[in-house]
């Protein structure tokens, strides 16, 4: 193990890290985290429909892109701050945490006003000024693996964030580039147990970007939890054929609900639980730009990554 | 889907294929197949110890190399026909089917005299004379994916075998070559559900060669079954540190037994069962070079790949 | 060819683009461009020695990192603005243009004050805020290919810059990630003729990062020019064994001079010339932060990419 | 360098190996070798036209497939022994050596009766029984690099052949598998100088299979010779659009002749010569299945790989 894994290495902490969002969702604890929602926020209606559906099915974090990194400058680039507001509103209304991507170091402060977790996307895994900027913030970070990043490079990118003082980091495997076009990327499921050995940080899997094909998402999601993942990132769209981005890999609401029903026994097998359902939040929407839900307020005052459990270390046979 | 997937394509058969060895083990049916044993057959003692351990833990097929494809001509190359005899004896003694690799078209007939299943290794996935030779035989074939073969190339290699008249073919994912040295290969778990769509042939996973690190084998084995794999190929050695090949990725007998206990609930979750234990075979070893075990004799007379009704098609949500 | 290659596609311009630096160096014209210098600027002495040596050997652009993207946060990160000043001074003193990397959109303006060309590094090829920022500037851009970027993704990254209004862009092949550790990256020499078909933009090759081994740099540099490249980016350090970064792949001054002698006949074979030597500039160092050399002042007032020649199109047999 | 590079390593011989065919063509000597011809032998007429054209343009070895390894069993598989006879006849008639692929160890003896050099194709680089079989023969071998073989694996495959007693082996780079579909494979030009350091064996390049696009073949062929390659393997077809295989990457006869004219000055730059033209052989065709041309009979009696003093070692600057 490289000398420079100072802060991320497994033995830098006594217990595995549990990252906790203000909304109460945790990564690395007894509950797995289910982050679901559309690739891009397209409209209030689209987002509301998606948020309601994923909350009802049992997700605890809403994902959605406000700033979209797109290969072509002519593709839909996201709605920006308007989308951030919609995400915050929908998250509050449905008791969901909000995770969304930030691409520009100059946007970190703005996105932090609305989101509970900042996503660093695949293309920015080694965008060091951006890593330093989120390292200087105190909001949880979801660090996606680079398109062809080695595990070592990925952990050293995480080291940049922790070195900045931000210890609430979750690693997200989303498939790497491969020679085969049969799937969009090649999901490297081995990193789930491997990272459990190498680091104290939680690890989640994004099967949607890995597969690129909606039908393949559920079996791979199930396998990821069976392998010990701390959560999932799933693209869900109310109307995939008409999505402005990533329609082919998005589950519709019914398919997502079916997946959630399949996940319960697998989570149990893996010694974990699905997120507890937030009841009766529909009637008490937040009114502020950011308002932690009442029943989570105790946790919200704790440092984001303070809560620890030691159950993770035993999952590797 | 290419025009040339004539025989392998999913809709070329009404039901998914179930491949049955003379020993009674099946691939693609209700039971998952557990093929376990040493990388290379090194001695009678080593093999006996491995065979007994894997049989006791619940495996139903013994794997072991008699002819070893080795990157260097100076590495251990296998014991050849002597190893084939040992495999047959150990298989009979413990009620296990025998799968072993054949590398040379001139060896197919000889290996067929001893083995229940011929393995075509990664390096030979596109060795077309060898594919034609095993296609002309009537013994089940385990076709490993090439080191950087696309799914399409893999299925077309299988097409060579089926076109020769041999319909008893099982595909084996064993990881593909990648840029990251963190694991030996990169296990492409997505092919499990993908192949279930594309072909009627069963699919098993070899996590040992994919990982190259014994500790990572169990979680990935579990994930493979959760994703719907029809079986596993696991390297087990009584004394991994002193193995002549692949010691680093071999489970010892205790670790394999622990894995088998973990697999039972996952198999059930996936709508499958572990292989039924063969009892009381230790006291009635076979005496001939190849003697189907009595309780399997009915099956032995059936065509090896008789199409059976199976629940496989519904596993993909 | 994708619809979205609107501005970069070959037929978007009548003639291939010639990118011209204020210093007079051109990319895509009759002269090939030779950018040479240390990986990172380490001290005034190191840079002066390198700059003098590469100028004497016939380079026309000085390369050197002020802001270094490093995999580990504990590695040398560059001297920042201090290094920019040293680069400007050394460039002026030796009649060399200056190219240096910019990693942060907030640094673009500052770097532009000192450099003649902004390098977008491999890790930032799809850093879209950064691409937009350099697209809004009017200084030539060197866009390195991403670590595993397809040619299509690379051209679409260039499209972001051109769409911003900055048409002075040079593409730089520096090797892609591969499964083989024999060299640091895998140089994709085919992109040189391929890009000549697809785009009007000039293409240079960086054999230093591609090889990672100094001994392999000269033959690959020669091959690149033979294949039609418009220039080279070569790491040269006065004392490679003691370099703070990339020592193993840096030529020492003598090896660089030897390479330049070999390049002359190859350039001629390819219908090109080496850069014309700037004489007598040593005695008239610039004093301002940025002072175009007198004999280049005519060009400096022209739009950076206005000068065109039509000789490039015929090099592909 | 691995211990097991016993016979292939550079310092296992005093001088670089020069491999000589019975026809007189050499690999690794002062002349570069130009092997050209169709992907597959389709008919007497097609082959005759191709052979005459490549001989007139200056090639010295005729390439053509009699046994074709094809991804699909439904693709054209080659004409077998009939094609071998045609190759021999055309080679004799035009003073060309003959290189053709052998895929099956049982075919080695038959192919040896007709060919001057046995090609081991990409898919068979680690077909160890085949390597042993050609190692036991005394006919020169052309060993193509595997689709994703490391340089180390490639050299160890060569070691199998040399260990069998056959020292006349030429390595052929033909591109490796990559994530980008812009070209068929990714030509690894760095192996040319790298292998010159690591081994005494000659190295040639096959730009046709690397590119998959005929227009890109000439610039890459030129670059390969500039980098120090000992020869080229080029697909040439009299009528590429109607070729039964590899039409898209085949040069027509005029394009090949144009390439040969471009190669002369590059070869000279690299300190080499194009093959000397064989004159007046058209009027004296061979009549036997294998008849060394009269003017080559002296060489034919020499050991095929007699070690010759060569300037190769100094080409790496």
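Values as computed for the structure displayed
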read-out	value
Filter result for residue B:6 (assigned to a loop (DSSP other than H, G, I, E, B), within 14 Å of chain D (Cβ to nearest Cβ) and within 25 Å of residue B:163 (Cβ to Cβ))	yes
Qualifying residue in segment B:27-37 (condition: more than 14 Å from chain D (Cβ to nearest Cβ), crowded, with 23+ Cβ neighbours inside 10 Å, over 18 Å from residue B:140 (Cβ atoms) and under 13 Å from the mean Cα position of the chain (by Cα))	no
Test for residue C:19: is it under 19 Å from residue C:230 (Cβ atoms), surrounded by 24 or more Cβ atoms within 10 Å (Cβ to Cβ) and within 14 Å of chain A (Cβ to nearest Cβ)	no
Set C:169, C:163, C:195, C:187: member being surrounded by fewer than 24 Cβ atoms within 10 Å (Cβ to Cβ) and at pLDDT 95 or above	C:163
Checklist (1) surrounded by fewer than 16 Cβ atoms within 10 Å (Cβ to Cβ); (2) away from every other protein chain (no Cβ under 14 Å); (3) at pLDDT below 95 applied to residue C:314, failing item	(2)
Search result, residues across segment C:250-264 that are crowded, with 17+ Cβ neighbours inside 10 Å, in a helix (DSSP H, G or I) and either free of Cβ contacts under 8 Å to residues at least 40 places away in the same chain or touching a strand residue (DSSP E or B) at 6+ places or on another chain (Cβ under 6 Å) (or both)	C:256
Helices (runs of 4 or more DSSP H) fully within segment D:128-199 counting 3 or more residues that are touching a helix residue (DSSP H, G or I) at 6+ places or on another chain (Cβ under 8 Å) and away from chain B (no Cβ under 14 Å)	D:191-198
All positions within segment C:109-127 that are within 14 Å of another protein chain (Cβ to nearest Cβ) and not in a strand (DSSP E or B)	C:109, C:110, C:111, C:121, C:122, C:123, C:124, C:125, C:126, C:127
Single residue of segment D:201-232 satisfying the filter (within 19 Å of residue D:119 (Cβ to Cβ), outside any loop (DSSP other than H, G, I, E, B) and in contact with a helix residue (DSSP H, G or I) (Cβ under 6 Å, 6 or more places away or on another chain)) that is nearest to the other protein chains (Cβ to nearest Cβ)	D:211
Of all residues in segment A:248-278 being more than 28 Å from residue B:264 (Cα to Cα) and under 19 Å from the mean Cα position of the chain (by Cα), the one that is nearest to the other protein chains (Cβ to nearest Cβ)	A:251
Count - residues of segment B:9-37 that are in a helix (DSSP H, G or I) and more than 14 Å from residue B:171 (Cα to Cα)	2
Selection status of residue B:135, in contact (Cβ under 8 Å) with a residue 24 or more places away in the chain and either buried (at least 24 other Cβ atoms within 10 Å of the Cβ) or farther than 25 Å from residue B:34 by Cα (or both)	no
Search result, residues across segment C:210-227 that are surrounded by fewer than 24 Cβ atoms within 10 Å (Cβ to Cβ) and touching a residue at least 24 places away in the same chain (Cβ under 8 Å)	C:212, C:213, C:214
All positions within segment D:38-71 that are in contact (Cβ under 8 Å) with a residue 60 or more places away in the chain, in a loop (DSSP other than H, G, I, E, B) and closer than 20 Å to residue D:255 by Cα	D:38, D:39, D:58, D:59, D:60
Members of segment C:101-120 found to be touching a strand residue (DSSP E or B) at 6+ places or on another chain (Cβ under 8 Å) and within 23 Å of residue A:160 (Cα to Cα), listed by number	C:101, C:102, C:108, C:119, C:120
Residue match in segment B:5-16 (condition: within 22 Å of residue B:256 (Cα to Cα) and buried (at least 16 other Cβ atoms within 10 Å of the Cβ))	no
Number of positions in segment C:72-108 that are more than 13 Å from every other protein chain (Cβ to nearest Cβ) and either assigned to a helix (DSSP H, G or I) or modelled with pLDDT under 95 (or both)	14
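The values are calculated or read from the model by the stated rules, or taken from the named source; none is laboratory data. Since this is a predicted model, take the numbers as computed values, not measurements. All Cβ positions, glycine included, derive from the backbone under ideal geometry; neighbour counts span all protein chains shown.
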